[in-house]
Amino acid sequence: MTTYNLKYGNERISFELPEKWHTKVLKHSEPASVPLKETLVQSLKNPINHKSFTEWLKPFREVLIIVPDITRYAGMERVLPVLYENFLQNVNVKCLFALGNHRKQTEDEKKSLVSESIYNRFPCIDHDCFDNSGLTSVGKTSTGLEVVLDSLLINAEAAIVTGSINFHYLAGFGGGRKSIFPGVAGYETILGIHRKVFNPDKPGKHIRAKSGILEGNPMHEEIMQGISLIKTPMFLINTVLDDKKNFLNIFAGDIRDAHEQGCAWFKEHFEVKVDKKADVVITSSGGFPKDINFIQSHKAIEHAMGAVKENGTLIVTGQCSDGMGNSDFLKWFDLGSTGEMEPFVRKADKVYAQTAYSTRFKAERCNIVMVSQLEGDQVKKMGLTPKQTIQEAIMSIDDGKEKLCYIIPDGSNTLIT
């Protein structure tokens, strides 16, 4: 009997599978790391659908750099010193952290995100989505959404937009343009962007509003409409990093085209296609910090749904040492089924309501077993089944019959289609 083990918090947990189960391990490819300085400089000399960074920068005396916040690591504490050393020594720079509606950051967190040298040299400012005095409206999208953004971006001579590409369960992919929307948008604009994931003319979530899809994705398309209203000249620098924070690639240039090429590369390397859906799928969130709370562990559930058959079983490991991820998250499940939740989630002023709705939607499609430190009653409230160990979860569904089983060691970064 073969023994398997998966990451769980800072540990690994082992389990064995019944002999009659036909098992396959699903892993994404592992691209080689690249040297930062050479890769960055080369991507700036030959950007995607854009003049070279040096030529683009030449007319500007001042530039704003938009940097992801502490929840979206992009390696900027290594990128920005190289950028400064090679290109920005005669330019006045401000750094704006793309907080979206997240909490304010400590000074030490800001320093860690941009490096001590950059932090000490330039103003580094947190975006505030609630401070109307620091926000500017730039017009409306075709759906009528008012686009309100940080005035620092609107008034800047030019802006360098940075991010890191990964899968996103609503916008298709993170990185790039998400540093603007929701990163430096006003709160009502942030909510409006997220509400686009619902069908406008019928109940339910739009079929294209999911991980790995840009074309036809209503949230992505609303974001790009919003970006088209911005007059400030922009240059995109998107990184791709692995779990050890090694750089795998850099995509620079036009904010739409460079992002799309980067997403296509990411999908090619981190998507796994299956010919047949399995009776049982066992996935790990990928260990700490990917399973620090349930909202983070939800990514692994999202990515594994393409592997499990209707009414099959999905076993998810996520330690969730910090609990749900938001003290109000569980309240959304008081509303009942997805049909009962949806009208409230559509109008919600909390982005994590989308995660609650998405969790309930998946739990209605298949049996989700959660192996975590969460209290059993919390797990049951979400419509999931709590178990203490993977082995216990396996035993609870083993009926002695043959089953097809997939194991996904890194669920947070592996999209199954």
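The values are calculated or read from the model by the stated rules, or taken from the named source; none is laboratory data. Because the structure is predicted, anything quoted here is derived from the model rather than measured. In this analysis, Cβ positions are derived from the backbone assuming ideal geometry, glycine residues included, and neighbour counts consider all displayed protein chains. Accessible surface is based on the protein model in full, side chains and every heavy atom, while ligands, DNA and RNA are left aside. Shrake-Rupley method; radii C 1.70, N 1.55, O 1.52, S 1.80 Å.
Numbers at a glance
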quantity: Residue match in the stretch 113-125 (condition: out of contact with any Phe, Trp or Tyr (no Cβ under 8 Å at 6 or more places or on another chain), surrounded by fewer than 19 Cβ atoms within 10 Å (Cβ to Cβ) and within 21 Å of PHE251 (Cβ to Cβ)); calculated: no
quantity: Scan of the stretch 339-365 for residues that are open to solvent by 30 Å² or more (accessible area, probe 1.4 Å) and under 14 Å from LYS210 (Cβ atoms), ordered by number; calculated: PHE361, ARG365
quantity: Number of positions in the stretch 84-130 that are under 30 Å from LYS45 (Cβ atoms) and among the basic types (Lys, Arg); calculated: 4
quantity: Residue match in the stretch 189-197 (condition: of a type outside the set (Asp, Glu), open to solvent by less than 40 Å² (accessible area, probe 1.4 Å) and over 30 Å from SER412 (Cβ atoms)); calculated: no
quantity: Flag for VAL161 being buried (at least 24 other Cβ atoms within 10 Å of the Cβ), touching a Leu at 6+ places or on another chain (Cβ under 7 Å) and among the β-branched types (Val, Ile, Thr); calculated: yes
quantity: Matching residues in the stretch 204-263 - criterion: being within 20 Å of PRO81 (Cα to Cα), open to solvent by 50 Å² or more (accessible area, probe 1.4 Å) and not basic (Lys, Arg); calculated: ASN246
quantity: Complete set of residues in the stretch 367-390 that are of a type outside the set (Gly, Ala, Ser), more than 26 Å from THR3 (Cβ to Cβ) and surrounded by fewer than 20 Cβ atoms within 10 Å (Cβ to Cβ); calculated: GLU375, ASP377, GLN378, LYS380, LYS381
quantity: Condition broken by ASP399, with the remaining ones in (1) surrounded by 14 or more Cβ atoms within 10 Å (Cβ to Cβ); (2) over 30 Å from the mean Cα position of the chain (by Cα) satisfied; calculated: (1)
quantity: In the stretch 301-315, the residues that are in a strand (DSSP E or B) and of a type in the set (A, V, I, L, M, F, W, C); calculated: VAL308, LEU314, ILE315
quantity: Qualifying positions in the stretch 87-105 - modelled with pLDDT of 90 or more, open to solvent by 40 Å² or more (accessible area, probe 1.4 Å) and out of contact with any Ser or Thr (no Cβ under 9 Å at 6 or more places or on another chain); calculated: GLN89, ASN90, ASN92, LYS94
quantity: The stretch 213-228, residues that are more than 10 Å from HIS194 (Cα to Cα), touching a strand residue (DSSP E or B) at 6+ places or on another chain (Cβ under 9 Å) and touching a residue at least 24 places away in the same chain (Cβ under 8 Å); calculated: ILE213, LEU214, ASN217, GLN225, GLY226, ILE227
quantity: Test: residue in the stretch 54-62 that is farther than 16 Å from GLY163 by Cβ, open to solvent by 20 Å² or more (accessible area, probe 1.4 Å) and within 26 Å of the chain's Cα centre (by Cα); calculated: no
quantity: Close pairs from the stretch 393-413: first of a type outside the set (A, V, I, L, M, F, W, C) and modelled with pLDDT under 95, partner open to solvent by less than 20 Å² (accessible area, probe 1.4 Å) and assigned to a helix (DSSP H, G or I), Cβ under 6 Å, at least 6 apart; calculated: SER412/ALA300; ASN413/PHE270
quantity: 2 or more residues at pLDDT 95 or above: qualifying helices (runs of 4 or more DSSP H) within the stretch 163-270; calculated: 218-228, 257-270
quantity: Subset of the stretch 304-337 [polar (S, T, N, Q), in contact (Cβ under 8 Å) with a residue 60 or more places away in the chain and crowded, with 18+ Cβ neighbours inside 10 Å]; calculated: THR313, THR317, GLN319
quantity: Residue selected from the stretch 264-280 under the condition out of contact with any Lys or Arg (no Cβ under 9 Å at 6 or more places or on another chain) and crowded, with 19+ Cβ neighbours inside 10 Å, by the criterion farthest from VAL25 (Cα to Cα); calculated: PHE266
quantity: Pairs, first without any contact (Cβ under 8 Å) to a residue 60 or more places away in the chain in the stretch 140-164, second outside any strand (DSSP E or B) and hydrophobic (A, V, I, L, M, F, W, C), C-beta under 7 Å, six or more apart; calculated: ASP150/VAL184
quantity: ALA171 vs. criteria touching an Asp or Glu at 6+ places or on another chain (Cβ under 8 Å), of a type in the set (Gly, Ala, Ser) and buried (at least 24 other Cβ atoms within 10 Å of the Cβ); calculated: no
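Rundown of residues vs (1) of a type in the set (Val, Ile, Thr); (2) in contact with a Phe, Trp or Tyr (Cβ under 6 Å, 6 or more places away or on another chain), yes/no style:
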| site | (1), (2) |
| --- | --- |
| PRO218 | no, no |
| ILE223 | yes, yes |
| ILE237 | yes, no |
| LYS276 | no, no |
| SER285 | no, no |
| ILE292 | yes, no |
| ALA300 | no, no |
| ALA304 | no, no |
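Residues are listed down the side, and each one gets a yes or a no for (1) charged (D, E, K, R); (2) open to solvent by 30 Å² or more (accessible area, probe 1.4 Å); (3) farther than 21 Å from VAL91 by Cβ:
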{"site": "TYR8", "(1), (2), (3)": "no, no, yes"}
{"site": "PHE15", "(1), (2), (3)": "no, no, yes"}
{"site": "PRO18", "(1), (2), (3)": "no, no, yes"}
{"site": "TRP21", "(1), (2), (3)": "no, no, yes"}
{"site": "SER43", "(1), (2), (3)": "no, no, no"}
{"site": "ILE65", "(1), (2), (3)": "no, no, no"}
{"site": "ASP69", "(1), (2), (3)": "yes, no, yes"}
